[in-house]
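Below: the structure, in structure tokens.
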Amino acid sequence: MTFSTLRLSLSVRRTASACLLGAGLMGTVQAHHAFSAEFDADKPLELSGTVTKAKWVNPHSWLYFDVKSADGTVTNWGVEFGAPFALQERGLTKAVLPVGTEIKVKGYRAKNGGPFGYAVTVSLADGRSFRVGGAQDAPAPAASAARP
């Protein structure tokens, strides 16, 4: 292999790597959405329940919890949180919300009408409260939110 062939080969590899990296970043950017794309600012929610699962993933973490209604039926709700690093900076890690933890969530319902929402705050039985939302266009939590 000559020097010019080697130089061309390295150049092709660098270009291919840059293209793959760029495509990966584009996919991440396209997957990110605004609050208003999925959630309804006119439908605040306030739920209490027991944690069943936490997914600390980028770009949005999710918390799932069982909510018992007045008639005794249980619905598993999922609420979107901000990115794991942002939550960690606020003192909230997955270890703070193990399965079985009693919580209270304030936020907004999903537009799809299912048991999903966007969480603005999560409060624990010991009095700690965390701001968990990450969307810049999300409204502040309502003073008194309606139950679903």
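The values are calculated or read from the model by the stated rules, or taken from the named source; none is laboratory data. Model, not experiment: these values are computed from the prediction. Backbone-built Cβ (ideal geometry, glycine too); neighbour counts: all protein chains shown.
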Out of (1) surrounded by fewer than 17 Cβ atoms within 10 Å (Cβ to Cβ); (2) at pLDDT below 95, the one Phe35 does not meet is (1)
Given the conditions (1) exposed (fewer than 13 other Cβ atoms within 10 Å of the Cβ); (2) modelled with pLDDT of 95 or more; (3) of a type outside the set (S, T, N, Q), and given that Cys19 satisfies all but one, which numbered condition is not satisfied? (2)
Wholly inside region 91-148, strands (runs of 3 or more DSSP E) that include 3 or more residues that are at pLDDT below 95, over 13 Å from the mean Cα position of the chain (by Cα) and on the phi > 0 side of the Ramachandran plot are none
Out of region 86-115, which residues are under 16 Å from Asn58 (Cβ atoms), buried (at least 17 other Cβ atoms within 10 Å of the Cβ) and touching a strand residue (DSSP E or B) at 6+ places or on another chain (Cβ under 7 Å)? Leu92
Whichever residue in region 39-67 is among the charged types (D, E, K, R) and farther than 18 Å from Tyr108 by Cα and, among such residues, is nearest to the chain's Cα centre (by Cα): Lys55
Which condition number does Ala83 fail, the rest of (1) surrounded by fewer than 17 Cβ atoms within 10 Å (Cβ to Cβ); (2) more than 14 Å from the chain's Cα centre (by Cα) being met? (2)
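One line per residue, one yes/no per condition, for (1) in contact (Cβ under 8 Å) with a residue 24 or more places away in the chain; (2) in a loop (DSSP other than H, G, I, E, B):
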{"position": "Ser36", "(1), (2)": "yes, no"}
{"position": "Asp42", "(1), (2)": "no, no"}
{"position": "Thr50", "(1), (2)": "yes, no"}
{"position": "Lys53", "(1), (2)": "yes, no"}
{"position": "Asn58", "(1), (2)": "yes, yes"}
{"position": "Asp66", "(1), (2)": "no, no"}
{"position": "Val79", "(1), (2)": "yes, no"}
